[in-house]
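S.K.: A single structure is presented below for examination.
Read-outs: derived from the displayed coordinates by stated rules, not from any lab. Everything numeric here is computed off the predicted structure, so don't read it as measured data. Virtual Cβ from ideal backbone geometry, glycine too; neighbours counted across all protein chains shown.
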Amino acid sequence: MKHHSGFTLTELMIAMLLGLLLMSMAVTAFSVASRSARQANQLAELQQNAQLVMTLFQNELANVGFWGGRSDPLAALAFPVPAAPAGDCVEQLLDSGSFPQPAQDFVTLYAQTTGAGRQLNCISNPLPQTELLQLKRLVGAKTEPGEMRQNRFYLETDWQHSRFVDGGSPMLNERYGYFPYQHLVFYLQQQRVDGATIPVLMRKRLTRNQAGNAVISTDSVLDGVERMHFEFGIDSDFDGKLNFNLATRQMPAELWSQRSGRIVSLKYHILLRARDPDQHYVNQQRYDMGIEQFVAPGDHYRRLLISSSVYFNNAAL
């Protein structure tokens with residue numbers, strides 16, 4: 001009588017069941033590990049972007065109010081100023097734009113809540129219900145005439161005068177101080193990145209082209225910035241001390257021109273969003289940004305809110 005080696009049907013079924021059980025456990029473990037890895041990657045992305053945007057704003061805001069030792073850039077009107085760039089970033093009836101103009105205010109720090117359509121004359125279709133921030137100031141690095149960059153404007157400063165110049169201006173003199181001049185606008189806009197639509201921190205800036213003309217250039221700065229809101233510290237009696245804070249939409253026009261008070265600090269609230277959604281995560285959190293709020297619409301994006309304040313050492317704006 002011959003004996004045939006092998007497995008019985010019962011043994012095969014038990015082996016298959018154990019195999020399915022092990023496979024199910026492996027799939028579950030892989031899924032959990034994948035979710036954890038996705039969460040860790042997105043949190044790391046948000047933390048990295050938070051550090052980048054805080055460094056950016058701390059650096060840009062540190063020189064607010066700096067005019068090379070002069071308190072009033074309007075003194076440059078004693079000389080011809082460069083022609084304004086086409087499509088200059090300017091709030092009509094409030095500001096003169098990139099350069100001072102006679103009988104007009106030269107607003108060096110300004111913010112506004114964005115709406116639909118063109119904003120500040122130079123921004124098309126910004127992300128609505130957030131804010132933009134405009135800065136005009138000198139970079140605190142004195143430059144010798146022979147070291148001037150072709151794509152920049154400079155302010156020549158002396159105890160008797162100031163004037164806007166470039167590397168090709170006449171009568172440059174090493175005994176004067178020359179500081180790079182910047183006019184910047186930060187705002188948010190929806191952009192297509194890798195096939196997806198995401199909010200992006202954008203920057204408009206004054207530059208000088210090859211022909212020597214002033215132009216406004218546009219840069220993408222950082223992906224995933226979804227909201228910006230600002231609060232301004234006001235010295236209402238000009239004694240150098242902060243008296244109260246106002247959010248952007250509370251600021252009257254006379255404060256932007258520094259007539260009824262001086263802006264001595266700025267607090268920014270910036271809401272960051274992960275670039276990619278996580279279908280296993282639902283966000284319904286409320287983010288408080290001063291008097292403004294953002295409630296996540298139950299989507300699948302992780303977010304991180306950062307806030308910080310900058311006090312201006314150069315308070316004469």
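S.K.: Using a 7 Å offset from the Cα along the Cα-to-Cβ direction at both GLU147 and GLN58, what is the distance between the two label points in nm, to one decimal?
M.R.: 2.5 nm
S.K.: About its Cα centre, how strong a charge dipole does the chain have in debye, to the nearest 20, once Lys and Arg get +1 and Asp and Glu get -1 at the Cβ?
M.R.: Dipole about the Cα centre, nearest 20: 540 debye.
S.K.: Full-extension gain between HIS161 and SER307, please, as 0.36 nm times their residue separation minus the C-alpha to C-alpha distance.
M.R.: Fully extending the segment from HIS161 to SER307 adds 48.7 nm.
S.K.: To continue, here is another question. Using a 7 Å offset from Cα along Cα-Cβ at ARG259, what residues in region 89-110 end up with backbone N under 14 Å from the label point?
M.R.: 93-96, 103-107
S.K.: Put a dot 7 Å past each Cα toward the Cβ at GLN51 and GLN104; how far apart are the dots in nm?
M.R.: Reported label-point gap for GLN104 and GLN51 is 4.3 nm.
S.K.: So what J values fall out for region 54-69 if you push phi through Karplus, 6.51 cos²θ - 1.76 cosθ + 1.60 with θ = phi - 60°, rounded to Hz, Gly and Pro as x?
M.R.: Along region 54-69, the couplings run 5, 5, 4, 5, 4, 5, 6, 7, 4, 9, 4, x, 8, 10, x, x Hz.
S.K.: Extension gain ASP239-LEU74, at 0.36 nm per residue separation less the Cα-Cα distance, in nm?
M.R.: In short, 57.1 nm is gained.
S.K.: Then there is this: From the phi of every residue in region 85-93, what ³J(HN,Hα) in whole Hz does the Karplus formula 6.51 cos²θ - 1.76 cosθ + 1.60 yield, where θ is phi - 60° and glycine or proline is x?
M.R.: For region 85-93, the Karplus-derived couplings read x, 5, x, 4, 7, 8, 9, 4, 6 Hz, x marking Gly and Pro.
S.K.: Right, something else. At a Förster radius of 51 Å, what calculated FRET efficiency corresponds to the Cβ-Cβ distance of ALA196 and GLU11, to the nearest 0.05?
M.R.: On the way: r = 51 Å, r/R0 = 1.01.
Computed FRET efficiency for ALA196 and GLU11 comes out at 0.50.
S.K.: For a quick protection proxy, order the peptides 56-65, 295-304, 270-279 by their average other-Cβ count within 10 Å, most packed first. Can you show the working numbers first?
M.R.: Details: 56-65: 17.3, 295-304: 15.0, 270-279: 19.6.
My ranking of the peptides, most packed first, is 270-279, 56-65, 295-304.
S.K.: Can you bin region 133-238 into rounded, prolate or oblate? Criterion: square roots of the alpha carbon gyration tensor eigenvalues sorted a ≥ b ≥ c, rounded for a/c under 1.5, prolate for a/b above b/c, oblate for the rest.
M.R.: Details: a/c = 3.55, a/b = 1.57, b/c = 2.27.
Taking the square roots of the gyration eigenvalues as a ≥ b ≥ c, region 133-238 is oblate.
S.K.: Using R₀ = 41 Å, calculate the FRET efficiency as 1/(1 + (r/R₀)^6) where r is the Cβ-Cβ separation of GLN250 and GLN279; round to 0.05. Mind dumping the intermediate values first?
M.R.: Numbers: r = 40 Å, r/R0 = 0.97.
Rounded to the nearest 0.05, the efficiency is 0.55.
S.K.: Evaluate E = 1/(1 + (r/R0)^6) for VAL221 and VAL295, where r is the Cβ-Cβ distance and R0 equals 45 Å; express this FRET efficiency to the nearest 0.05.
M.R.: So the FRET efficiency works out to roughly 0.95.
S.K.: Taking only C-alpha pairs under 8 Å that are 6+ residues apart, what is the relative contact order of the chain in percent? Show your work: numbers first, answer last.
M.R.: Working: 622 pairs, mean separation 52.7, N = 317.
Answer for the chain is 17 percent.
S.K.: Which one is right for this structure if P(r) over Cα pairs in 20 Å bins from 0, in percent is calculated from it: (1) 27, 46, 15, 7, 4, 1, 0; (2) 27, 32, 18, 17, 6, 0; (3) 36, 59, 5?
M.R.: Here P(r) over Cα pairs in 20 Å bins from 0, in percent agrees with entry (1).
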